Structures are given as C-alpha cells and as structure tokens.
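The values are calculated or read from the model by the stated rules, or taken from the named source; none is laboratory data. Please read all numbers here as calculations on a predicted model, not as lab measurements. Positions of Cβ are generated from backbone atoms using ideal geometry, with glycine treated the same way; all protein chains shown enter the neighbour counts.
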Amino acid sequence: MTLVDGEVEALLDRIPVLQGLPRSVHELPGGLTNQNLRVTTPSHDLVVRRFRGDAELLGIDRHAEHLNTVAAAKAGVGAPVVDFRPDLGVLVIGFVDGTTYDNSSFDDPDVVRRAGLAIRRLHEGPRFTGDFDMFARQARYLRTVQEHGYPLFDGYTEHDDAFHRVERALAVRAGATVPCNNDLLAGNFLDDGTKVWLIDYEYSGNNDACFELGNTSTECDLDDDQVEALVTAYYGRPDRTHLARVRVQALVSAYGWSLWGAIQSAASSIDFDFDTWGLERFEKAARGFTSDRFARLLAETAGE
C-alpha cells in the first residue's frame, strides 16, 4: 500500500540519500518495534526502519543493532546498511527482493536445510557488538513486570526451578559464543531464490548457537523431525547432545520471550494482541518443562 504521510515525507527529506529525489513509499508488513518503509527512488531501493516502542523497557540497544546489522551484511546474510540516524530514530538498509517465510514454509525440507545453512553462515561471520543471554534477560524482564505491577501469566514463577535446571545443564558443556540474531521468527527469513537472508537485529548479540536454533524452532513451530533436520543442516551431521541443547534452548526462548509479550501487552500503544502472543509462548515452555522427556533432555544436554 502506498503511504502518503506528511510526517513521513518530512522525515525522509532529512535522510541525505533520499533528499531531493522523486520517490514512492510503501509500508511493509510486520515489525512490532519498527515501522518498515520501502522507499524507491530512481537510483535506490531502500527500507527505512523507524524505531518505535520503549527500547529501554525492552532492552533494545539501537547502536548495537546498527553495528550488528553491518556485521551481518559482511557475513553475507544481512541487507547492506546505507545510513544510521539515531537522532531521527531510523536505520536505512537495502531492500531485499525475496519471499518472506511463514511457519508453513518450513514444511518444505529444503527450506529447513537452507535456513540452517544461512544461520551457520551468520554464525561464521564477524563477531557482534554485545552479548545476549536469555537467562539474564528473563530476570530483567521479570523485574520489569514486577516493579511496574504488570499482569503476569498464572503459574509463571512455578517453572523457575526448571528454567534454572536448564541453565545449569547448558553450562556443563558450554562452548564459545557466536554472533546470533536471537529473534529468527519465520518473517525474518527472506528467500531470493538464490540464498536465504536474515533480517532484523534488534536483539542481536553473541550467544550460544543452540539458542539461535532453539529459538528458530519454537518461533517457527517446527516439529521434532524438522528440528532434527535443522540441527543436522547446521552441524552437517546428527548429534544427540546438540539436538538436546537445541530442544531445551527452545524452552528457554519461549519462557523468556513470553515476558516480552507481557511487558508489551501492558505498556505498548500498538494495536496487537501481545497478551495472547506471550501466553502462547509461556504455555509452550510450561508443557516442555513438565514433559516426560524433560529430565532426559537435561541429561543429554550435559553430555550424560
């Protein structure tokens, strides 16, 4: 849909690469903490990402996002960065002309394989600015919920022990961290027919590769066989310990990000059902923490 908005046009006129040029502006779908505008001129096809939401409340570092987007481009999986204007609240990147995945895209085994290879390519690229640790972030989000008196999902804290049992199991064979996006829901994969691109680096930082794979598996609703295929594509072979680490990191992801939904539900003015979004993730984590296979996964994660 073509966007005609005086405020937007005034903003675009302050971005040097767009000044004085005829242009068309279309708002792209998605983006709960950004408004994404595709801006086309005779010489450029760009996406202007307008920051929105409370970055401090959600733990978003926009300067790190910029630097890590540059690093992802150097790794060959991120869109090129054209400009960064924190004073205007925008990041300008090149438009990637490709198909945006949804969860059903992963029903194709080749999509799962190519997604795993794209993730590995990101992880083999330049180190990111800053680290990401969902255990620390979950604690911060929980404090935010409690200090502000935001509603919390019934029974949430009853799973605190299971959550930290995962933390201890992961620490037994923890390896080096790698540059991770940490938010690879299906809509952050773009397929141009030749390669898969990874976009949106608001929560990026160096992290355990298995968190990235686990987060992807839970956000994209992969079944057990698809998770195994993703892990095999990434590592080049099936591996029981890595697979267990990915499965428990999926629970860590769902449990931690559910609080993001709780915060957004209480604090955001965006018209979106954040409460249901967060509840779905909490319930997914709770099922995993109370499943019959949880103890076995912990043992396999620790290499037993």
**Request:** Would you be able to say whether some residue in the stretch 294-303 is modelled with pLDDT under 95 and exposed (fewer than 15 other Cβ atoms within 10 Å of the Cβ)?
**Result:** yes
**Message:** Among the listed residues Gly130, Gly155, identify the single one that is over 20 Å from Ala209 (Cα atoms) and assigned by TED's automatic domain parsing to the domain that holds Ala176.
**Reply:** Gly155
**Message:** Pairs needed: first member in the stretch 260-284, assigned by TED's automatic domain parsing to the domain that holds Gly214; second member anywhere, basic (Lys, Arg) and modelled with pLDDT of 95 or more; C-beta distance under 8 Å; at least 6 residues apart or different chains.
**Reply:** Gly261/Arg281
**Of all residues making up the stretch 281-304, the number that are touching a Leu at 6+ places or on another chain (Cβ under 9 Å) and assigned to a loop (DSSP other than H, G, I, E, B)** = 3
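Every residue, every condition in (1) in contact with a Lys or Arg (Cβ under 9 Å, 6 or more places away or on another chain); (2) surrounded by 16 or more Cβ atoms within 10 Å (Cβ to Cβ); (3) within 27 Å of Asp110 (Cα to Cα), yes or no:
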| position | (1), (2), (3) |
| --- | --- |
| Arg127 | no, no, no |
| Ala136 | no, no, no |
| Gly155 | no, no, no |
| Ala162 | no, yes, no |
| Gly175 | no, no, no |
| Asn181 | no, yes, yes |
| Gly187 | no, yes, yes |
| Gly193 | no, no, yes |
| Ala209 | yes, yes, yes |
**Fill in**
Among helices (runs of 4 or more DSSP H) entirely within the stretch 1-107, at least 3 residues that are buried (at least 19 other Cβ atoms within 10 Å of the Cβ) occur in 62-75
**Prompt:** Of the residues that sit in the stretch 124-148 and are out of contact with any Asp or Glu (no Cβ under 9 Å at 6 or more places or on another chain) and of a type in the set (Gly, Ala, Ser), which one is nearest to Arg168 (Cα to Cα)?
**Reply:** Ala136
**Complete:** Arg127 fails exactly one of (1) touching a Phe, Trp or Tyr at 6+ places or on another chain (Cβ under 6 Å); (2) over 30 Å from Ser43 (Cβ atoms); (3) not in a helix (DSSP H, G or I), namely (1)
**Of the criteria (1) in the same structural domain as Ala10 (by TED's automatic domain parsing); (2) in contact (Cβ under 8 Å) with a residue 40 or more places away in the chain; (3) over 15 Å from Asn36 (Cβ atoms), which one Val90 fails** = (3)
**Request:** Starting from the stretch 22-35, keep only residues that are more than 20 Å from Ser269 (Cβ to Cβ), then list their pairs with residues that are in a loop (DSSP other than H, G, I, E, B) whose Cβ atoms are within a distance under 6 Å, requiring at least 6 positions of separation or different chains.
**Result:** Arg23/Thr41; Val25/Leu3
**Test set (1) touching a residue at least 60 places away in the same chain (Cβ under 8 Å); (2) within 20 Å of His123 (Cβ to Cβ) - Tyr156 fails condition number** = (2)
**Item:** Residues within the stretch 252-293 that are farther than 22 Å from Pro151 by Cβ and crowded, with 22+ Cβ neighbours inside 10 Å, tallied
**Value:** 2
